[in-house]
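Read the structure below first, then the notes.
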Amino acid sequence: MTRDVAVLGAGMHPWGKWGRSFVEYGTAAARAALADAGVDWREVGSVVGADTVRGGYPGYVAGATFAKALGWQGARAASVYAACASGAQAIAAARAQILAGLADVVLVVGADAAPKGFFRPAGGERPDDPDWLRFRVLGATNPAYFGLYARRRMAVHGDTPEDFALVKVKNAAMGALNPYARYRKRVTAEEVTASAVVADPLRLLDICATSDGGAALVLSSVDFAHRHGVARPVRIRAVSTVTPRFPNTVLDLPDIATDSAVAVEPADATFRASIARAAYEEAGLGPEDLSLAEVYDLSTALELQWYEDLGLCGEGEGAKLLRAGVTAPGGRIPVNTSGGLASFGEAVPAQAIAQVCELTWQLRGAAGDRQIAGARVGMSANQGLFGHGSAVIAVR
Amino acid sequence: MVTGWFTGEGDGFRLLGTRCPSCATVFFPREDVHCRNPHCSGGSLEEVPLSRTGRIWSYTDSRYRPPSPYVSNPELPWEPYALIAVELVAERIVVLGQAAPGVTVADLTVGMEVEVVPGVLHEDAATTWTTWHWRPTGVRA
């Protein structure tokens, strides 16, 4: 028996600041994915929603919220929250249901209407929440952590702000070709380095914005896909949802300190690297097999880190890989062909799903002007607050 | 707000963590319930002062006003402050903190020695909220 599941449909609502409800974005993305799949909503046996923490109860019960908006039809429903990894956990839950024979066709939806400016924790006086604490005690925003990582790379690996700017230049060029991206304008390195510093050494154009957006997938068993007339569907071969191993020695969002390594030697791979490794092991594939990758470029510097965590190059060689054009279109392993978060911005529950939408379109050869020729294997990678891993490997 | 995270004054100021008596793992912010080392059967965690000095792991700053629950006076212009992540060698832990007032990113390098000093997070007419700051060793306020 194959452990693959088929991606029958992919859909998005364009990202931006639209000022509408997350339900509207998610429903639009779901309808687009169903249309793309050629599946009637009434055939869907299960809905898995990736939660948004904004919007009160409907956000926390996203699966049923989207099911209601699409029209109650008796499907199973599940809702998952894993911060930025919510979408990957939604995909994992859907896959598990399909492989367990609980449902033939599952709709996965994530959508958000993000606030302007910095993300912030939920309200109230909540000193038992590490996310609340880092804001209250330190004023440590998400970009502050990105700045720490970027400065660390400069000190340890010799990366420069100019290297970081080149990531934005590359991703903006791809985003300009993507009709779903919020920012569709090419950017020069000079524009990046002339933008305002947000968290030294990172500037405004090094850091992704908050956005509204929605993304959805229709997943099914491979048998269903065949019966449905899709002989060679894009298949999901691995979904990594691993947690870190103690001691986690890289200062991770939203923590104020790392684990102490006094008692236990740290694992030889960091948490981010272990996310990718778990996906490779499950898929029986390695970095040399990839045609493209979608990685979580919260900041330009972080994209370089992912190159190393995905095994596209050795530790500290990310900037060299970028400068050589390896991760650009036409290179050996183009990264963030969608334009990445640099072009989309963050709509938290949607983004890991959006990454798989891009993989699907690329593997089908349907990515339009940004198509990577002959794409066969794609990987997405992401990391959710509080220790949530997220990577998906899709094949054609 | 952060009861039991630090103690003392002047040169006696220390961050307070907890230590597992069984495996010696140190926790900051303090872990009072159970040792989080999965290889350890644990025991009652005991309070322990952390090293006064460490080496800078990385640093950055906040050029824009952080959102609530960070407290700042919106009537006043925003004054950026630096954040420093500090590696404590004995504890093998990295602890993030604000830099002492007047210390900017231009004053810092990765690997530089810093010391923990008491600081003021904010104050109003009724209350002063104290905190810890990191300051390059030997620099006086």
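Here are a few things to note about the model shown:
- Scanning region A:1-30 for residues that are among the acidic types (D, E) and not in a loop (DSSP other than H, G, I, E, B) returns a single hit, A:E24.
- Note on region B:93-141: residues that are among the aliphatic types (A, V, I, L, M), in contact with a His (Cβ under 9 Å, 6 or more places away or on another chain) and at the interface with chain A (Cβ under 9 Å from one of its Cβ atoms) total 0.
- Scanning region A:197-215 for residues that are within 14 Å of chain B (Cβ to nearest Cβ), open to solvent by less than 30 Å² (accessible area, probe 1.4 Å) and not aliphatic (A, V, I, L, M) yields a total of 4.
- Qualifying residue in region A:175-196 (condition: surrounded by fewer than 24 Cβ atoms within 10 Å (Cβ to Cβ) and within 13 Å of another protein chain (Cβ to nearest Cβ)): yes
- Within region A:58-68, one or more residues are over 18 Å from A:V239 (Cβ atoms), out of contact with any strand residue (DSSP E or B) (no Cβ under 6 Å at 6 or more places or on another chain) and modelled with pLDDT of 95 or more.
- Test result for A:P130, open to solvent by 30 Å² or more (accessible area, probe 1.4 Å), closer than 25 Å to A:T241 by Cα and within 14 Å of another protein chain (Cβ to nearest Cβ): yes
- Qualifying position, being surrounded by fewer than 21 Cβ atoms within 10 Å (Cβ to Cβ), part of a strand (DSSP E or B) and in contact with a helix residue (DSSP H, G or I) (Cβ under 9 Å, 6 or more places away or on another chain), among A:A64, A:A77, A:A69: A:A77
- Cβ separations smaller than 9 Å between residues 6+ apart or across chains give the following pairs from region A:141-169 residues that are more than 8 Å from chain B (Cβ to nearest Cβ) and on the phi > 0 side of the Ramachandran plot to residues that are assigned to a helix (DSSP H, G or I) and open to solvent by less than 10 Å² (accessible area, probe 1.4 Å): A:G158/A:A319.
- Candidate set: region B:16-44, residues that are within 11 Å of chain A (Cβ to nearest Cβ) and hydroxyl-bearing (S, T, Y); chosen: the one surrounded by the most Cβ atoms within 10 Å (Cβ to Cβ): B:T25
- Of all the residues in region A:80-113, those that are open to solvent by 30 Å² or more (accessible area, probe 1.4 Å) and more than 22 Å from the chain's Cα centre (by Cα) number 5.
- Checklist (1) open to solvent by less than 10 Å² (accessible area, probe 1.4 Å); (2) within 22 Å of A:P329 (Cβ to Cβ) applied to A:A279, failing item: (2)
- The residues on offer are A:G124, A:G110, and the sole one that is of a type in the set (G, A, S), farther than 20 Å from A:G384 by Cα and outside the structural domain of A:F386 (by the TED database) is A:G124.
- Flag if A:V218 is in contact (Cβ under 8 Å) with a residue 60 or more places away in the chain, closer than 30 Å to A:V39 by Cβ and open to solvent by less than 50 Å² (accessible area, probe 1.4 Å): yes
- In region A:297-312, the residues that are at pLDDT below 95 form no Cβ pair under 9 Å with any partner that is part of a helix (DSSP H, G or I), whether six or more places apart or across chains.
- Region B:45-63 - residue that is farther than 19 Å from B:W5 by Cβ and open to solvent by 30 Å² or more (accessible area, probe 1.4 Å) and, of those, farthest from the other protein chains (Cβ to nearest Cβ): B:R55
- Here A:A269 fits the description: open to solvent by 10 Å² or more (accessible area, probe 1.4 Å) and either within 29 Å of B:F28 (Cβ to Cβ) or aromatic (F, W, Y) (or both).
- On the stretch given as region A:31-61, residues that are surrounded by 21 or more Cβ atoms within 10 Å (Cβ to Cβ), among the aliphatic types (A, V, I, L, M) and not in a helix (DSSP H, G or I) total 4.
- Within region B:64-92, the set of residues being open to solvent by 70 Å² or more (accessible area, probe 1.4 Å) and facing chain A (nearest Cβ under 7 Å) comprises B:Y64, B:R92.
- Within region B:118-141, if we keep just the residues that are outside any strand (DSSP E or B) and of a type outside the set (D, E, K, R), the residue that is nearest to B:I84 (Cα to Cα) turns out to be B:T137.
Conditions (1) within 26 Å of A:L341 (Cα to Cα); (2) open to solvent by less than 20 Å² (accessible area, probe 1.4 Å); (3) in a loop (DSSP other than H, G, I, E, B), marked per residue:
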| site | (1), (2), (3) |
| --- | --- |
| A:H226 | no, no, no |
| A:G229 | no, no, yes |
| A:V239 | yes, yes, no |
| A:I275 | yes, yes, no |
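The values are calculated or read from the model by the stated rules, or taken from the named source; none is laboratory data. All figures in this text were calculated on a predicted structure; none of them were measured in a lab. In this analysis, Cβ positions are derived from the backbone assuming ideal geometry, glycine residues included, and neighbour counts consider all displayed protein chains. All accessible areas refer to the heavy atoms of the entire protein, side chains included, with ligands and DNA or RNA removed. Shrake-Rupley method; radii C 1.70, N 1.55, O 1.52, S 1.80 Å.
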